[in-house]
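What follows draws every value from the coordinates through simple rules; no lab data is involved. Computed from a predicted model, the values in this text were never measured in an experiment. Counting neighbours? That spans all protein chains shown, and the Cβs are built from the backbone with ideal geometry, glycine included.
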Amino acid sequence: IVATMMAAERLGGGQARVIKQANSGDSVAGDRTRVVGYAAVAFTKSPSVPGQEYALGKAEQDRLLEIAGKSVETAVKQHTLYSSSDAGLPSLVQERGAFVTLTSQGRLRGCIGYVAPLKPLHETVRDVAAYAATSDERFLPVAASELDGLEYEISVLSPLRRVKDINEIEVGKHGLVIRKGSREGLLLPQVATENKWDRLTFLQQICEKARLAPDAWKDPEADVFCFTAFVFGKGKGQKGH
């Protein structure tokens, strides 16, 4: 998916629209207990408004945090996916990439997201919240006894933009994606701020996240992209990046 987004970005296609989603279980003889998913996506040029930053109002933020919490609880207790809705909020129907970060007592407990804007925002948050709680390979799945102590942070992503000059990267504003061959990595904007990294350290860390040499960003075969994120959370105050 990231490779396709990068190719589309090179051609000026920064906005994705899902045309059709299906899985192998939808066929006449399909087995719905074990499926492979498919999607047809159109990438188009997205109109930009100079100086306009993406933002969500309090109602949208509260609804997404509610969805994230209920999705985690449903995944942990019932081992199924929560049925979310947009609650009549148009911005939650827009297709955008997003990450959900879970922390407990100040420590990371899980973080997973979609870079590509392949689903309505409320469904993206629902999905990645559940996956952060149950499928982040760095941690054991969240237990029911931990639910009351979890804090939630949601990062809604902008489209990726190719970095042509590293001086374009603004620490605290931009997140980074790097891809070289089959290896890729992503770091959210707030990670650099929380760790007090400068631009060079941020570049080195994104390389290490992708299991590349610290200076791999200099390689002509490496693709580096930046993005912004609107970040808000429960129990941490709300903030935009």
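How high is the FRET efficiency between Glu53 and Lys164 when r is their beta carbon distance and R₀ equals 22 Å, given to the nearest 0.05?
0.55
Which of the aspartates and glutamates could be linked to Lys77 by a straight reach, that is with a Cα gap under 20 Å, when you skip same-chain ones fewer than 8 residues away?
Glu66, Glu123, Asp127, Asp136, Glu137, Glu146, Asp148, Glu151
Take the Cα pairs of region 58-157, get the Kirkwood Rh, then feed it into Stokes-Einstein at 10 °C and 1.306 mPa s and tell me D in µm²/s. Can you show the working numbers first?
Details: Rh = 13.2 Å.
Rounded to a whole number, D works out at 121 µm²/s.
Normalised by the empirical 2.2 N^0.38 Å for globular proteins, what value does the Cα Rg of region 98-241 take?
This ratio for region 98-241 stands at 1.05.
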